[in-house]
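Following: one structure in C-alpha cells, then a few remarks.
The values are calculated or read from the model by the stated rules, or taken from the named source; none is laboratory data. It should be emphasised that the depicted structure is a prediction, and the values quoted were computed from it without experimental measurement. When we count neighbours, we look across all protein chains shown, and the Cβ atoms used for this are built from the backbone with ideal geometry, even at glycine.
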C-alpha cells in the first residue's frame, strides 16, 4: 500500500503588510480601551490605502481613547521609510458610534466574576475551530510555523540594520512535503520582498545576504528538514518597489488563515483582530485551540481538531466535535466527552479559564496581530497553557 505523499504550503507576512498593519491598529485600539476599562465593549476596523487611513469603531465604554493618536503611533512603530507610508502625515478619517453590546461586569483587575457563566450568552452564531499537532514544539503545523519564523526574521533583520534597504512589507511562503500526516522535508522557501532599489546591494549579493541572515538560521534550527534539493527563492531580485499601502490596500481581518493554522487546520473564518475578548468568535477560537492543545499534550492524540458551535442567545454550545485523524488513543467521541468535562465551554466560564480580559490589558492583542494568534507561548497566551493536560488525561481514563 502506497503512502500518501503530498506538499502543503503556508504563507505569512511581515509587520508592514497593509492587512497586518490594519490588524495591529485595530488591536492596539482594543488594547487601549481594555487597559482603561476592563469591561469595555469595542470593535475596531481599519482600512489603509496610499496616504489614507480609515477607522470605524463601535464602543460602549467608560474610557475615552484617541483613535487617531493610537493609529499614528502604531503605524510609525512599524518603520516605513519616507515615500512608503507616513503615519504622521497620512490623512486619517474616523467614525465612532455607540455599541449596543451589553457591558460585561468584570473586576477592577479585569477578572470575570464567578457567576458570569450563568449569566453570559453568545451574541453571535459561531462555529469556532481549534487545531493542535506534534509537528512542532508549539503543537502547531510545521508549514505555518516556518512561514512565521521567516517573517519575524525579516522584520528583525531590517530593524537591526542588517537589511536596511528592506521594506516592512514582505511575504513568506513555505512548502513542506508530507508522508501521510507527518512532515518529511522542506521542498521550497519563497520570499517576496519590497524595498529601496537605490540602496539595495546588487541582486546576487542581496539574495545571498537574505539567505544568510534570515533563511539559513530558520532552516538550521530544524536539522534534516532541508537538503540540497530545497528550493530557495527570493523575489524580486531586481526592480524592488516600495511596499505598504503605496503598493496595495489593506483591511482588518483579511489574514485569518495566517492568524490561525496556515489552512492546515480549519478556522472559523471570522476575523480575530479588532474585537474585545467578550466576542464569542474571538473567545471561541482561543478556547478551541486551548482544548485541542491540551488533548494533544495529554497524549490522547498526535493530532486533533476541535469544532465548537454556538447559537445566539444561548450559553452552552450547540455541539462539540473532535477529530483526531486516526491518531487518537481513544475514539474521537470518548475524547470529546472528556473534553466537555475538562473545559466548561460557556462564554462566561471561558473568560475565567483563559483569564480574559485581564490578560489583554497592555499590548497582548497588538502583539498577536503579527506572527499568528495560535502557538504563541512566547507571549504567554493563556490558550497555549497545557499545564492541566494531566487532568484531561485522567478524565479520559475515568470515562472509559
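Of the residues in the range 81-94, at least one is part of a strand (DSSP E or B) and loosely packed, with under 13 Cβ neighbours inside 10 Å. Taking residue 163 as the residue in question, decide whether it is out of contact with any strand residue (DSSP E or B) (no Cβ under 6 Å at 6 or more places or on another chain), at pLDDT 95 or above and over 30 Å from residue 314 (Cβ atoms). It is true that residue 163 is out of contact with any strand residue (DSSP E or B) (no Cβ under 6 Å at 6 or more places or on another chain), at pLDDT 95 or above and over 30 Å from residue 314 (Cβ atoms). A single member of 177, 137, 156 is outside any helix (DSSP H, G or I) and either under 21 Å from the mean Cα position of the chain (by Cα) or closer than 21 Å to residue 328 by Cβ (or both), and it is 137. When residue 265 is tested against (1) crowded, with 19+ Cβ neighbours inside 10 Å; (2) modelled with pLDDT of 95 or more; (3) at negative phi; (4) in contact with a strand residue (DSSP E or B) (Cβ under 6 Å, 6 or more places away or on another chain), exactly one condition is not met: (2). Residue check: residue 74 meets all listed conditions (1) part of a helix (DSSP H, G or I); (2) under 22 Å from residue 194 (Cβ atoms); (3) without any contact (Cβ under 8 Å) to a residue 24 or more places away in the chain but one, namely (3). Considering the range 328-383, the residues that are under 19 Å from residue 116 (Cα atoms) and touching a strand residue (DSSP E or B) at 6+ places or on another chain (Cβ under 7 Å) include one that is surrounded by the most Cβ atoms within 10 Å (Cβ to Cβ), namely 345. If you go through the range 1-25 and pick out every residue that is touching a residue at least 12 places away in the same chain (Cβ under 8 Å), part of a loop (DSSP other than H, G, I, E, B) and farther than 27 Å from residue 274 by Cβ, you end up with 2. State yes or no: is residue 36 farther than 22 Å from residue 155 by Cα, in contact with a strand residue (DSSP E or B) (Cβ under 8 Å, 6 or more places away or on another chain) and modelled with pLDDT under 95? Spelling it out, it is not the case that residue 36 is farther than 22 Å from residue 155 by Cα, in contact with a strand residue (DSSP E or B) (Cβ under 8 Å, 6 or more places away or on another chain) and modelled with pLDDT under 95.
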